[in-house]
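Just so you know, all these numbers are worked out from the coordinates, no wet-lab data involved. The structure presented is a predicted model; accordingly, all values stated were derived computationally and were not measured. We place every Cβ from the backbone using ideal geometry, glycine too, and count neighbours over all the protein chains shown.
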Protein chains: 2
Amino acid sequence: MKPAARVKNPTMLSTEAAGECDNDNDSYCLSWRLAVEANNVKAWRTVPARCEMHVERYMTGGQFEQDVELVVDEMLRYMDGIMIAGDGMDAWVLDVDDTCISNVAYYKERRFGCDPFEGEGFRAWARKAECPAIPGVLRLYKRLIESGFKVILITGRDKETLGHVTILNLHDQGFSGYQQLTMRTPAYKGQSAAAYKSNVRRQIVEGGYRIWGNVGDQWTDLLGEYVGGRTFKIPNPMYCVS
Amino acid sequence: MKPAARVKNPTMLSTEAAGECDNDNDSYCLSWRLAVEANNVKAWRTVPARCEMHVERYMTGGQFEQDVELVVDEMLRYMDGIMIAGDGMDAWVLDVDDTCISNVAYYKERRFGCDPFEGEGFRAWARKAECPAIPGVLRLYKRLIESGFKVILITGRDKETLGHVTILNLHDQGFSGYQQLTMRTPAYKGQSAAAYKSNVRRQIVEGGYRIWGNVGDQWTDLLGEYVGGRTFKIPNPMYCVS
């Protein structure tokens, strides 16, 4: 929590003042969010309506960033223990949306996920190429590249319509120097997210890469085949890709 | 949160009064606990010392039970959608310690996991056969049996020294009518928890069972082979079995 969570004025004893767990509703939303992150609740369509404010506070009040920082610290600890071979084949796989770059500003307009996904609106947002970097993941990304790992980005975004803007957006936000960015092409059409990403990772491994780490905000990024040495789940209580 | 989390007296604006996230330390501990539940932090030895009070409040203040209830509701929703074959081979696998029955009373004496695991003390506690049922999981268990599923319990507890007391403890707490309780025997000696449990599940599947659900408080219960149709992680921020 940011310092704002410290209560200075007793009249402010609202949910807002006391953090995110001072009433029964927030208690429910904490349970729901934990279940999402532990992959206990799957293929959910929207955030429960009663949790809109909870998710807004979580995503914009500092806790999300702190959660990411702790996971990044753990990834770096793991990374520091890896002896790379020096043959240029030691790789990490990262997802793009809400892993490298953030769509929170878009989801704010979708009541932080209480409204269902709407493809055209999302594509219009993505075409602006204004997704900001998630600072913790950018920190990881830079350390990976400095340390000699090859970073491979895999996204479900459509290559034909969003390829250019995605490359631009990533570059503007500091994600440069990656080895490969794989986007959806007609060849992957109709595949589930987990199948598509497993297929891409299979090709990566068949190409001789060793996938040490695999980072994503969706469990469909992290489950399936060729998942890598360790997987890391970036929190995302706003939407679920199944 | 229980009603106690509602602040009645402004002088009580402590961590205790305002729930579990009203200061920087609790913010860190929320991040740590989330990372544990999402399997981002692995093979950790003890709870961070600064999180002792946070974990105590989580385990004893009502949020843990609420988190379990939400996961159980999700399991029952999944269970209700399964068409069982009626051949007696539709199974669920459940772990025992801190899945069916609780060791919180023991871990209270170990500073809620801030002290490292100590085998002899734990065995002395287990021999009392006084672990209470976790209410939500008992609710699941009864519904599974009523619905015609075979419940198979797999525990890392040693059969020779703890077999009798474990059966007794489970029975006293309402866990009766299970199909099988598998405990560690010398045949499994030296195997990691994940390997041991995978081996047992392999035998179950080779015996013709279909494992629909797999429930445990440790990721080593849920990862590996023959994990079942869906896995469900019961929260446990007190210790990690690797």
**Message:** Give the separation of the Cα centroids, segment B:68-93 to segment B:23-49, in Å.
**Reply:** 30
**Item:** Nearest 10 degrees, 0 to 90: helix B:24-37 Cα axis against chain B principal axis
**Value:** 10
**Fill in**
If amide H atoms are modeled at 1.01 Å from N in the peptide plane, then the residues at a separation of 5 or more from A:Arg230, or on another chain, having amide H under 5 Å from its own are A:Gly213, A:Asn214
**Asked** Between copies, how far does the label point of A:Ser147 sit from its twins, in nm, shortest first, when each point is 7 Å from Cα along Cα→Cβ?
**Response** 4.3
**Message:** Net charge within 15 Å of B:His164 by Cβ-Cβ distance, Lys/Arg positive one each and Asp/Glu negative one each, not counting B:His164 itself?
**Reply:** +2
**Item:** Under the Karplus curve 6.51 cos²θ - 1.76 cosθ + 1.60, θ = phi - 60°, whole-Hz ³J(HN,Hα) for segment A:139-147, x wherever Gly or Pro sits
**Value:** 4, 4, 4, 5, 5, 4, 5, 4, 8
**Request:** Pull up all non-local amide H partners of B:Thr182: gap of 5 or more, or a different chain, and H-to-H distance under 5 Å with H placed in the peptide plane.
**Result:** B:Leu153, B:Ile154, B:Thr155
**Item:** Environment charge of B:Gly207, counting only residues whose C-beta is closer than 11 Å and scoring Lys/Arg +1, Asp/Glu -1
**Value:** +3
**Fill in**
Between B:Asp80 and B:Gln180, the two model label points (7 Å from Cα along the beta-carbon direction) sit apart by a distance in nm of 3.0
**Number of partner chain Cβ atoms within 10 Å, mean per residue of B:35-45** = 6
**Message:** With a cap of 11 neighbouring Cβ atoms within 10 Å, and only residues DSSP puts in a loop, list the chymotrypsin sites (Phe, Trp or Tyr not before Pro) found in segment A:180-242.
**Reply:** none
**Item:** Ordering of B:166-174, B:60-68 by burial proxy (mean other Cβ atoms within 10 Å per residue, highest first)
**Value:** B:60-68, B:166-174
**Fill in**
Net charge (Lys, Arg +1; Asp, Glu -1) of residues whose beta-carbon lies under 9 Å from that of B:Met183, B:Met183 excluded, is +1
**Complete:** Farthest towards the positive end of the dipole of segment A:45-192, among A:Phe122, A:Gln66, A:Ser176 and with Cβ unit charges of +1 on Lys and Arg and -1 on Asp and Glu, lies the Cα of A:Phe122
**Message:** Going through the cross-link list A:Lys142/A:Lys197; B:Lys108/B:Lys142; A:Lys128/A:Lys159, which pairs have a Cα-Cα distance over 18 Å in this structure?
**Reply:** A:Lys142/A:Lys197; B:Lys108/B:Lys142
**Asked** What chymotrypsin sites (Phe, Trp or Tyr not before Pro) in segment A:98-175 are in a loop by DSSP, with at most 15 other Cβ atoms within 10 Å of the Cβ?
**Response** A:Phe117
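In deg cm²/dmol, rounded to 500, what helix-only [θ] at 222 nm does the protein assembly as shown give when every DSSP H run of at least 4 residues adds -39500 (n - 2.57) and the total is split over its residues? Kindly include the intermediate steps, with their values, before the conclusion.
Numbers: 19 runs with 202 residues, N = 484.
Calculated mean residue ellipticity at 222 nm is -12500 deg cm²/dmol.
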**Request:** Would you mind checking the tilt of helix A:63-80 against the longest principal axis of the Cα atoms of chain A, expressed as 0 to 90 degrees and rounded to 10?
**Result:** 30
**Item:** Other copies of B:Arg127: label-to-label distances in nm, shortest first, labels 7 Å along the beta-carbon direction
**Value:** 7.3
**Asked** How far is the Cα center of segment A:170-242 from the Cα center of segment A:113-164, in Å?
**Response** 11
**Prompt:** Under a GNM of chain A (C-alpha, springs under 10 Å), which listed residue has the highest mean-square fluctuation: A:Met83, A:Met183, A:Met53?
**Reply:** A:Met83
**Request:** For segment B:199-216, just list the computed ³J(HN,Hα) in residue order, Karplus coefficients 6.51, -1.76 and 1.60, θ = phi - 60°, integers in Hz, with x standing in for Gly and Pro.
**Result:** 4, 5, 5, 4, 4, 4, 5, 5, x, x, 6, 9, 8, 7, x, 9, 10, x
**Message:** Just to confirm the numbers: A:Glu109, label point 7 angstrom along the Cα-Cβ line, distances to the other copies in nm, shortest first?
**Reply:** 6.0
**Prompt:** Percent relative contact order of segment A:44-190, based on C-alpha pairs within less than 8 angstrom and at least six residues apart?
**Reply:** 29
**Message:** Give me the inter-chain shielding for B:61-70: mean count of other chain Cβ atoms within 10 Å, whole number please.
**Reply:** 4
**Request:** Working from Cα positions, state the angle (0 to 90°, nearest 10) between the long axis of helix A:159-172 and the longest principal axis of chain A.
**Result:** 70
**Asked** Counting trypsin sites (Lys or Arg not before Pro) as exposed when in a DSSP loop with at most 12 other beta carbons within 10 Å, what is the longest stretch of chain B free of them?
**Response** B:46-127
